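Accompanying notes for the structure given below.
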Amino acid sequence: MRDHWWWRPGWSQGRSFYTWHITFDGQPGMQQLADFYAPMLANLPMLDAVPVKWLHLTMQGIGFTDEVDKADVVAIVKTAQTRCASLQPFTATVGPPYVDAETIQMRVRPTEPLIEARACIRDAIATVWGRDRVPEPAEGCDHMSPWLTPTPPGHHCSSPKPWRRTHHEPPRSPFFLCHSSS
């Protein structure tokens, strides 16, 4: 596994980015899932567990806060709220874990409601900026990364062995999409 925290293009210390997330705060199933895997993770010091309150699905970025006009952000958010208003809450299954190059991830299923929510957000950006200025590829947003590598660049670990099928029922929790707070 490689370091998850390498500097991606354009990023620097203190620089922020506008993006949409689906969060899992208040979802008891996510805490149960984290508790289930905690004993196995205790034996893998090369990984940092993301606190349940910070777990999220990254849905769609807009851009760096110092490059996006605040009026555009307001217009995009307002348009996204209108587009997302018709989306229905849904129940999703999270897991099982699998190893990625930088993280241990868990797929979220079904993907259709995620794709629909992301399309609403991308349409909102396109309405304000035009289709040719919507950032990021259209596909994505079907997994979360509850465990990240804090290891320095150049350090590699083998694929963890505990990630075999286990006998447990993955959590199923309703997700409420496009909720905003002021």
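Failed condition for ALA38, given (1) touching a Ser or Thr at 6+ places or on another chain (Cβ under 7 Å); (2) without any contact (Cβ under 8 Å) to a residue 12 or more places away in the chain, with all others met?
The failed condition is (1).
Residues to consider are ALA42, ALA38, ALA101; find the one that is out of contact with any strand residue (DSSP E or B) (no Cβ under 6 Å at 6 or more places or on another chain) and over 20 Å from HIS143 (Cα atoms).
Working: ALA38 fails: over 20 Å from HIS143 (Cα atoms); ALA101 fails: over 20 Å from HIS143 (Cα atoms).
Criteria check complete, one pass: ALA42.
What tally of residues in segment 54-82 results from selecting those that are within 12 Å of TRP20 (Cβ to Cβ) and over 15 Å from the mean Cα position of the chain (by Cα)? Please lay out each step first, then the result.
We begin by selecting, within segment 54-82, every residue within 12 Å of TRP20 (Cβ to Cβ); these are 56-62, 73, 76-77, 80-81.
Next, only the ones that are over 15 Å from the mean Cα position of the chain (by Cα) stay: 73, 76-77, 80-81.
Residues meeting the conditions: 5.
Count, please, the residues in segment 63-88 that happen to be small (Gly, Ala, Ser) and either part of a helix (DSSP H, G or I) or touching a Lys or Arg at 6+ places or on another chain (Cβ under 8 Å) (or both). Walk me through it before giving the result.
Going through segment 63-88, the residues small (Gly, Ala, Ser) turn out to be 63, 71, 75, 80, 85-86.
Add one more test, that the residue is either part of a helix (DSSP H, G or I) or touching a Lys or Arg at 6+ places or on another chain (Cβ under 8 Å) (or both), and what stays is 71, 75, 80.
The qualifying residues number 3.
Among the residues of segment 108-130, is any touching a helix residue (DSSP H, G or I) at 6+ places or on another chain (Cβ under 8 Å) and part of a strand (DSSP E or B)?
yes
Is it the case, given these coordinates, that LEU57 is part of a loop (DSSP other than H, G, I, E, B) and not charged (D, E, K, R)? Spell out how you get there, then give the answer.
Working: part of a loop (DSSP other than H, G, I, E, B): no; not charged (D, E, K, R): yes.
For LEU57, the condition - part of a loop (DSSP other than H, G, I, E, B) and not charged (D, E, K, R) - is not met.
Quick one: which of GLY154, GLY140, GLY95 is at pLDDT 70 or above and part of a loop (DSSP other than H, G, I, E, B)?
Working: GLY154 fails: at pLDDT 70 or above; GLY95 fails: part of a loop (DSSP other than H, G, I, E, B).
Residue meeting the stated conditions: GLY140.
The values are calculated or read from the model by the stated rules, or taken from the named source; none is laboratory data. Because the structure is a prediction, the values reported are computed rather than measured. Methodologically, a virtual Cβ is constructed for each residue, glycine included, from the backbone with ideal geometry; neighbour enumeration extends over all protein chains shown.
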